[in-house]
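For reference, the structure discussed in these notes is given below.
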Amino acid sequence: MSDAFKPRSVHRGRFRPFASFLTALRFLTRMPVPFVRTVDPPPLKESMWMFPVVGAVVGTVAGVALLLAHVARLPELFCGLFALAVGAMLTGAFHEDGLADVADGFGGGNTREERLEIMKDSRIGAFGTLTLVITVMARASLLAALLVLKPLAVIVLVAGAAAFSRSLMVDLLWATRPARANGLSAMAGQPNRNTTLLALAIGGLGAGIGGSMVLSPEAGVLALVAGGLALAMVRGLAIRKIGGQTGDVCGAGQVMAETAMLAVYAAAVAFR
């Protein structure tokens, strides 16, 4: 991730999907983007509509890793853990770090100020450790449950959950005020309504159509609803605890939304 988001010049009204993709890719992942400067990147807040596309890339790679481990006849739970490890290497565990910070802050602080201070601490506490262990094991087991499907179906579902959960981050940034004036989310900027709607449309259509084709229309829609409800719960808790969102809250929302979607997919597979 890089905090160098300011463009060299302003191109208002220009539609530059490749430049926006590179800006989003550089922010959300650790993937090398050595030529991002040559395309004159737009501001991050104008590139957030590409968050679900970056999510789909990360999810596709994780899905392939899941399948490769399965082809090697490794235990299914290990396959799920391996896929999560590959995804974490791509993102630098960006979202998981946010989830752990939120768990520590919300669980260990008694006031808004204490919670924000704990969330800034790079050290991980008991709440964060326990939350990470539970969510990692939960997602690994849910990914393992998808291995009864055809390989392409697995990739479609994993990529769809990764994409829509990241489009929900854009909605969180748009609809919720920052809890800090100088945090990562405040620095990234607030996307406008059109950017948010485009991100939700890309992520929602991709995940909804994919889930409907692979499983059933009901499962596709229910997964989107589950992801949205998970994010709404994180948002409501953040507003109550710290008065708004931060970069950590966005990361926590992404992980919880993705987990909720995978849970719907796994349940749909079990009831087929």
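The values are calculated or read from the model by the stated rules, or taken from the named source; none is laboratory data. Here the structure is a predicted model, which is why all the values come from computation and not from measurement. A quick note on method: Cβ atoms are made from the backbone with ideal geometry, for glycine too, and the neighbour counts reach across all protein chains shown.
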Task: Test: A252 is part of a helix (DSSP H, G or I) and in contact with a His (Cβ under 9 Å, 6 or more places away or on another chain) - done: yes
- [ ] Could you please let me know if M169 is out of contact with any Cys (no Cβ under 9 Å at 6 or more places or on another chain) and either surrounded by fewer than 22 Cβ atoms within 10 Å (Cβ to Cβ) or touching a residue at least 24 places away in the same chain (Cβ under 8 Å) (or both)?
- [x] no
Open item on the list: So for the stretch 218-239 (the condition being touching a Phe, Trp or Tyr at 6+ places or on another chain (Cβ under 7 Å), farther than 26 Å from I124 by Cα and not in a helix (DSSP H, G or I)), does at least one residue qualify?
Closed with: no
Task: All positions within the stretch 25-80 that are under 14 Å from the mean Cα position of the chain (by Cα) and either of a type in the set (A, V, I, L, M) or more than 25 Å from G203 (Cβ to Cβ) (or both) - done: L25, L28, M48, M50, V53, V54, A56, V57, V58, A62
Open item on the list: Looking only at the stretch 164-207, how many residues end up being assigned to a loop (DSSP other than H, G, I, E, B) and more than 19 Å from V255 (Cα to Cα)?
Closed with: 10
Task: Candidate set from the stretch 88-102 (those that are among the aliphatic types (A, V, I, L, M) and part of a helix (DSSP H, G or I)); member that is surrounded by the most Cβ atoms within 10 Å (Cβ to Cβ) - done: V102
TODO: Give the residue that is surrounded by the fewest Cβ atoms within 10 Å (Cβ to Cβ), with candidates limited to residues of the stretch 66-86 that are closer than 16 Å to A56 by Cα and without any contact (Cβ under 8 Å) to a residue 60 or more places away in the chain.
DONE: V86
TODO: Select from the stretch 119-152 the residues that are in a helix (DSSP H, G or I) and small (G, A, S) and write down the one among them that is farthest from P75 (Cα to Cα).
DONE: A126
- [ ] Only residues in the stretch 124-150 that are closer than 20 Å to A103 by Cα and buried (at least 19 other Cβ atoms within 10 Å of the Cβ) count as the first member; pair them with residues that are among the polar types (S, T, N, Q) and modelled with pLDDT of 95 or more, Cβ under 7 angstrom, at least 6 apart or cross-chain, and list the lot.
- [x] T135/T259; R139/T259
